[in-house]
Ligand code: NAD
Ligand code: ZN
């Protein structure tokens, strides 16, 4: 393992993670499965149109995803990012496209879940948020306690605007390092963050099983499993 970088606690680091970092926890990525998410067509389960057409089926899918999380644990890749946050403290920001919540379970604090979370839902009428564990999941379509509207999973679907975009841009502007882990680089706008980071003159680092589409934008690229590579790199960077 070789890296040209070393961090000191004053360095500002922004990390972006994708489905790849949770692969070693047993959660499937979907680019690696012909665009299928746990055998479901992404258009059916991850678009507003899909939800309008068949809300019961979409709810069944997300209840399954939520229940699946009860048997899933963070892996060494997640924990390496906790070590990194402990070292950099407030200079560490973690943006994730994942909806599994595993970064928070592992112990990271400064986490921006830009695509929402499987562990939450919200009212499609009045926007009230609910923890999944606090709502009745035995009914086909859970309802809002306040207004009776249909709840929906708090997951940002294709065609919807991710959370925290303004905050993310500000973070990228002031970052010294930007690192992407386990993301194919094809889902926008997250894929654009790397371009932005380059424009802002940030050092860019990538860790991925396969070379991502935008590998030319990476100053340093490590090919392999995040759970194996990240712990080694974090040791080298923070020693
Ligand atoms: P993706 O599925 O498009 O790409 C995953 C990338 O991770 C691939 O490039 C693959 O080569 C790489 N990879 C696979 N195993 C790896 C490992 N062990 N270590 C390092 N890299 C590995 O994922 P994406 O770019 O994050 O976009 C998919 C979208 O799907 C996201 O928006 C996300 O919301 C959603 N999604 C989330 C989860 C989750 O929360 N765990 C799972 C599936 C899909
Ligand atoms: Zn409501």
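The values are calculated or read from the model by the stated rules, or taken from the named source; none is laboratory data. Predicted model only: the values in this text are computed from it and were never measured. Reconstructed Cβ throughout: ideal geometry from the backbone, glycine too, with neighbour counts over all protein chains shown.
For segment 59-147, please list each of the strands (runs of 3 or more DSSP E) lying entirely inside it that holds at least 1 residues being away from ligand 2 (no atom under 16 Å from the Cβ), at pLDDT 95 or above and out of contact with any helix residue (DSSP H, G or I) (no Cβ under 7 Å at 6 or more places or on another chain). Outline the logic, then answer.
Working: elements: 92-96, 111-113, 116-123, 129-131.
Strands (runs of 3 or more DSSP E) meeting the threshold: 111-113, 116-123.
Output yes when any residue across segment 147-158 is under 25 Å from residue 188 (Cα atoms) and surrounded by fewer than 17 Cβ atoms within 10 Å (Cβ to Cβ), and no when none is.
Of segment 147-158, the ones under 25 Å from residue 188 (Cα atoms) are 152-158.
Next cut, surrounded by fewer than 17 Cβ atoms within 10 Å (Cβ to Cβ) only: 158.
Yes.
Consider residue 212 carefully, then state whether it is over 21 Å from the mean Cα position of the chain (by Cα) and either within 16 Å of ligand 1 (Cβ to nearest atom) or in contact (Cβ under 8 Å) with a residue 60 or more places away in the chain (or both).
Numbers: over 21 Å from the mean Cα position of the chain (by Cα): no; either within 16 Å of ligand 1 (Cβ to nearest atom) or in contact (Cβ under 8 Å) with a residue 60 or more places away in the chain (or both): yes.
For residue 212, the condition - over 21 Å from the mean Cα position of the chain (by Cα) and either within 16 Å of ligand 1 (Cβ to nearest atom) or in contact (Cβ under 8 Å) with a residue 60 or more places away in the chain (or both) - is not met.
Filter segment 141-161 for residues that are within 12 Å of ligand 1 (Cβ to nearest atom) and touching a residue at least 60 places away in the same chain (Cβ under 8 Å); which is farthest from residue 16 (Cα to Cα)?
Checked segment 141-161; the qualifying residue farthest from residue 16 (Cα to Cα) is 153.
So that you can scan it fast, the table gives a plain yes or no per residue for (1) touching a strand residue (DSSP E or B) at 6+ places or on another chain (Cβ under 8 Å); (2) more than 8 Å from ligand 1 (Cβ to nearest atom); (3) under 15 Å from residue 182 (Cβ atoms):
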| residue | (1), (2), (3) |
| --- | --- |
| 75 | no, yes, yes |
| 80 | no, yes, yes |
| 89 | no, yes, no |
| 92 | yes, yes, no |
| 99 | yes, no, yes |
| 112 | yes, yes, no |
